[in-house]
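I have placed the structure first, in the form of structure tokens, so that the comments after it can refer back to it.
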Amino acid sequence: MSKGNLPLNDLASGAGRVDVLIRATMAALLTSHGLRNDVVVVLHLMGGPGPPRRIKFDGSIITGIHAEERSIAGVIKKIIATPLPPIGHWQEVSRGLSHSGGALNTTLDEWKGAPLVALDAQAPRLWQE
């Protein structure tokens with residue numbers, strides 16, 4: 001859902017499973033005692049009406065994030081209600097939170113040369129038990 005209304009009371013089905021994105025964001029950013037400051041999460045919203053949108057959470061400087069799905073959903077809802085910035089231009093919404101137009105290939109182009117890790121359930125094990 002890159003544009004439109006995000007139903008906060010029905011994140012699992014009424015919002016195109018945005019609940020999964022929110023849980024992944026929470027798992028990446030939050031610890032039991034605060035925020036990870038060495039993490040950047042980029043969500044790619046590609047479904048629903050409107051062009052693709054990216055939302056970036058920068059753990060090193062973000063403020064105002066609470067460990068609750070509806071809180072993060074509210075942040076996303078506010079962002080998708082705003083006009084979409086041009087592809088490649090990150091517009092800051094609040095400290096550590098920004099959004100931009102673009103799809104996955106745009107992000108991969110921006111990260112060219114940076115080490116990337118793709119998680120694959122069918123990949124060989126990284127270590128032996």
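The values are calculated or read from the model by the stated rules, or taken from the named source; none is laboratory data. Given the structure is predicted, the values throughout are model-derived calculations rather than measurements. In this analysis, Cβ positions are derived from the backbone assuming ideal geometry, glycine residues included, and neighbour counts consider all displayed protein chains.
Data overview
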read-out: Number of positions in the stretch 14-57 that are without any contact (Cβ under 8 Å) to a residue 60 or more places away in the chain, in a strand (DSSP E or B) and at negative phi; value: 12
read-out: Filtered residues of the stretch 75-106 (kept if within 12 Å of the chain's Cα centre (by Cα) and among the hydroxyl-bearing types (Ser, Thr, Tyr)); value: SER98, SER100
read-out: Failed item, numbered, when VAL40 is tested on (1) at pLDDT 95 or above; (2) closer than 19 Å to ASP19 by Cα; value: (1)
read-out: Selection within the stretch 83-100 - part of a strand (DSSP E or B) and under 21 Å from ILE62 (Cβ atoms); value: GLN91, GLU92, VAL93, SER94, LEU97, SER98, HIS99, SER100
read-out: The stretch 68-125 - residue that is among the acidic types (Asp, Glu) and free of Cβ contacts under 8 Å to residues at least 24 places away in the same chain and, of those, farthest from ALA28 (Cα to Cα); value: ASP109
read-out: Residues of the stretch 58-74 that turn out to be in a loop (DSSP other than H, G, I, E, B) and within 12 Å of the chain's Cα centre (by Cα), as a count; value: 1
